[in-house]
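The structure appears right after this line, and notes come after that.
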Amino acid sequence: MSDGAGRRSAVEWLVTAAPDPGTCRWEWERNPLGIALLPAGRVWDVLILPSVLGHPTLDVLSRCTDLIGPVLADYGDSRMGFFVPPGTAAGWVATGVRSVGRGSWVVVPHPGRAASGIRWIVPPDGSGTLTDPAVLELSMHEAAVLLAGDPRREDG
């Protein structure tokens, strides 16, 4: 699939979460920030980790599976959001991890375009792939163990 086709496919998948997909597309096309607000809980939930844990978690996750869903980073790279199946947020309990599900909205940049303040680390590919929360949790535990043993950390 070409990059253009991949971006179109990713857009089509993301807008399925919108109450009005046409308005979402319009917003992405005209918003100078290149972002739209999409509701969580319908097509996906998002688990938000501090980047100090998020980056090593993504590294571990990448070694464990090829099935990684979209991942966002916020402005300044202080937090990362992992897209997981809907319903995950309702049952997620983890210190330092914010769960975003039904009733919450997420700022989502247009795939394949520069956005102001938020960016894709793992962009959606349009396939609907989401990160398995059990694999994500195991990856987080492994990353935390690696961080705890890293003598380069300033606070540990």
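The values are calculated or read from the model by the stated rules, or taken from the named source; none is laboratory data. None of the values given here were measured: they were computed from a predicted structure. Heads up, the Cβs are rebuilt from the backbone with ideal geometry, glycines too, and the neighbour counts pull from every protein chain shown. Protein only, heavy atoms only, side chains kept; ligands, DNA and RNA dropped before computing areas. Shrake-Rupley method; radii C 1.70, N 1.55, O 1.52, S 1.80 Å.
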#### Entry: Condition check for residue 17: free of Cβ contacts under 8 Å to residues at least 60 places away in the same chain, crowded, with 18+ Cβ neighbours inside 10 Å and of a type in the set (A, V, I, L, M)
yes
### Task
Return yes when residue 78 is over 21 Å from residue 10 (Cβ atoms), in contact with a strand residue (DSSP E or B) (Cβ under 6 Å, 6 or more places away or on another chain) and open to solvent by 30 Å² or more (accessible area, probe 1.4 Å) and no when it is not.
no
### Task
With respect to residue 134, determine if the residue is open to solvent by less than 20 Å² (accessible area, probe 1.4 Å) and either in a strand (DSSP E or B) or out of contact with any Gly (no Cβ under 7 Å at 6 or more places or on another chain) (or both).
no
